[in-house]
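Asks: Starting off with a structure, shown below.
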Amino acid sequence: GEDCKQLTNMGPAFSRFPSWSPDGKWILFDSRPSSQAHLFLVGAGGGPVRQLTSGRFSHVDPVWSPDGKWVYFASNRSGRFEIYRSAA
């Protein structure tokens, strides 16, 4: 569409897999600002981006639980990609 608004400006990072919070207020996504991918959060209308994960492992493909209490994602912290759950 022509009526698009850019919500993030992560520089040269590759950002992907946006996931809407159940209440519609937040968008969770993964981005690769360095050699590892991490999870980030931005308001549905844009605004400051908050980094949720860091470290030497990648965290990708985030999704919200239907009740908004949990976030599920893939991480290679065990040496291969497995599914993890974290409190939202």
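The values are calculated or read from the model by the stated rules, or taken from the named source; none is laboratory data. Because the structure is predicted, anything quoted here is derived from the model rather than measured. With ideal geometry, Cβ positions are generated from the backbone for all residues, glycine too; neighbour counts draw on all protein chains shown. The area values use the complete protein model at the heavy-atom level, side chains included, leaving out ligands, DNA and RNA. Shrake-Rupley method; radii C 1.70, N 1.55, O 1.52, S 1.80 Å.
Asks: Evaluate the distance, in nm, between pseudo-label points positioned 7 Å from the Cα of residue 8 and of residue 77 along their respective Cα→Cβ axes.
Replies: Taking the two extended label points, one gets 2.0 nm.
Asks: In terms of the ratio Rg/(2.2 N^0.38 Å) built on C-alpha atoms, what value belongs to the chain?
Replies: Details: Rg = 13.0 Å, N = 88, 2.2 N^0.38 = 12.1 Å.
Ratio of Rg to 2.2 N^0.38 Å for the chain: 1.08.
Asks: Same structure again: Per 0.36 nm of contour for each residue apart, how much would the distance between residue 23 and residue 50 grow if the chain were fully extended, relative to their Cα-Cα spacing?
Replies: Working: separation 27, 0.36 × 27 = 9.72 nm, distance 1.80 nm.
Net length gain for the segment: 7.9 nm.
Asks: Over what distance in Å are the Cα centres of the range 7-23 and the range 63-88 separated?
Replies: 16
Asks: Here's another thing I want to ask about it. Ordered by residue, what ³J(HN,Hα) values in Hz, to whole numbers, does the range 48-64 give under the Karplus form 6.51 cos²θ - 1.76 cosθ + 1.60, where θ = phi - 60° and Gly and Pro are x?
Replies: Calculated HN-Hα couplings, in order: x, 9, 10, 7, 9, 10, 7, x, 8, 10, 8, 10, 9, 6, x, 9, 8 Hz.
Asks: If you don't mind, another one. Under the 0.36 nm per residue contour assumption, what length would be gained going from the current alpha-carbon distance of residue 63 and residue 85 to full extension?
Replies: Contour length minus Cα-Cα distance gives 7.0 nm.
Asks: So, one more: What does the accessible area per residue of the chain come to in Å², with a 1.4 Å probe and no ligands, DNA or RNA counted?
Replies: Numbers: 5860 Å² over 88 residues.
Value for the chain: 67 Å² per residue.
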